[in-house]
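To start, the structure itself, in structure tokens.
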Amino acid sequence: MANQITHVALAEKKYDSLFSKFGKEDFFIGTVFPDIRYLGVIDRERTHNTNFLLPAILDGENTAFQAGVKYHCLVDAVREKFIIEQGLYALVPQSKYITQAIKCLEDEIYYPKVSDWAVYVAMLHKTLPEETAYGVASDDIARWHNLLADYFRKTPDDISREGLMMSIGFPKTVADEINTLVRQMRESGPVVGIIAQFWNNFDALLNE
């Protein structure tokens, strides 16, 4: 599963060519909504379905928000399949939190792919009725949006990663371990290479 910066960057990468018929703001809010489950306010199964393919997302019956939610799920599936096939997990340090650390490193690498993060921060200033339709309280949706807005404002670093991890319930000791893992993996050419390769090959991977 990808992290939030990665989801937005990959949504922007394909928005103009695939999703421009959907309203941009609602589509992008949809792409980051599913992981609100990290706040413990909704079960993962309610927001994630691993069976979505691109034609199901482009279906004209989807709202922009629904298309964004489905695209989030497709990105998660495509990414996980790719990094397993590339043997990434065999190249990284052994840790209970290595999955979170890989996602954080991806966010760091992909952050510069988006030219204007202020656009996406501004989109998070409102709550959509389709979000509350999931039964999540408006206050919790606002908390998720604010957490993401803070995280999106600058290139991820140890401090912002710690803030994100602790905001979703990890203790500081775990946030510190994740930061250490990110620093170690950042120095690994093969690991960084696989992450870059995913971005470069994403168009083809999306259609497999």
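The values are calculated or read from the model by the stated rules, or taken from the named source; none is laboratory data. Computed from a prediction, not measured in an experiment: that's the story for all the values here. Methodologically, a virtual Cβ is constructed for each residue, glycine included, from the backbone with ideal geometry; neighbour enumeration extends over all protein chains shown. Keep in mind that these areas ignore ligands, DNA and RNA; they rest on the heavy atoms of the full protein, side chains included. Shrake-Rupley method; radii C 1.70, N 1.55, O 1.52, S 1.80 Å.
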### Query
Taking a ≥ b ≥ c as the square roots of the eigenvalues of the Cα gyration tensor of region 25-118, is the shape rounded (a/c under 1.5), prolate (a/b larger than b/c) or oblate?
prolate
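Give the relative contact order (percent, whole number) for region 27-113; include only Cα pairs under 8 Å separated by 6+ residues.
31
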### Query
Lys21 to Leu128: extension gain in nm, 0.36 nm per residue of separation minus the Cα-Cα distance?
36.7 nm
#### Entry: Tail beyond 17 Å, pair distance distribution of region 123-171 (Cα, percent)
41
### Task
Give the Debye-formula value of log10 I(q)/I(0) at each listed q (0.08, 0.12 Å⁻¹), with one equal scatterer per alpha carbon of the chain, two decimals each.
-0.25, -0.59
### Message
Just to confirm the filter: which trypsin sites (Lys or Arg not before Pro) across region 127-187 are DSSP coil and have at most 15 other Cβ within 10 angstrom of their Cβ?
### Response
Arg153, Lys154
### Query
Within the set Lys103/Lys126; Lys14/Lys96; Lys21/Lys126; Lys14/Lys81, which residue pairs have Cα atoms separated by over 24 Å?
Lys103/Lys126; Lys14/Lys96
### Task
Would you please name the GluC sites (Glu not before Pro) within region 32-107 that are DSSP coil residues with at most 14 other C-beta atoms within 10 Å of their C-beta?
Glu61
### Message
Just to be sure I understand: with springs between alpha-carbon atoms less than 10 Å apart, which residue in Tyr97, Tyr151, Tyr120 has the highest mean-square fluctuation in the Gaussian network model of the chain?
### Response
Tyr97
### Task
Determine the shape class of region 102-208: with a ≥ b ≥ c the square roots of the Cα gyration tensor eigenvalues, call it rounded for a/c under 1.5, and otherwise prolate if a/b is greater than b/c, oblate otherwise.
oblate
### Prolate/oblate/rounded call for region 87-134, Cα gyration tensor, a/c under 1.5 rounded
oblate
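Please work out how much length the chain gains when fully extended from Ala90 to Leu53, using 0.36 nm per residue of separation minus the C-alpha to C-alpha distance, in nm with one decimal. If you can, show how the numbers build up before the last one.
Numbers: separation 37, 0.36 × 37 = 13.32 nm, distance 2.81 nm.
Extra length available between Ala90 and Leu53 comes to 10.5 nm.
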### Query
What nm value, rounded to one decimal, do you get for the distance between Arg143 and Asp176 when each label is placed 7 Å out toward the C-beta?
2.6
### Cα centroid of region 111-151 to Cα centroid of region 1-56, whole Å
12
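For region 77-208, what % of the accessible area comes from carbon and sulfur atoms, probe 1.4 Å?
Reported share for carbon and sulfur atoms: 54 percent.
Tell me what the chain gives for mean residue ellipticity at 222 nm when only DSSP H runs of n ≥ 4 count, each as -39,500 (n - 2.57), the sum divided by the residue total, rounded to 500 deg cm²/dmol. Walk me through the numbers before you get to the answer.
On the way: 13 runs with 132 residues, N = 208.
Counting only the DSSP helices, I get -18500 deg cm²/dmol.
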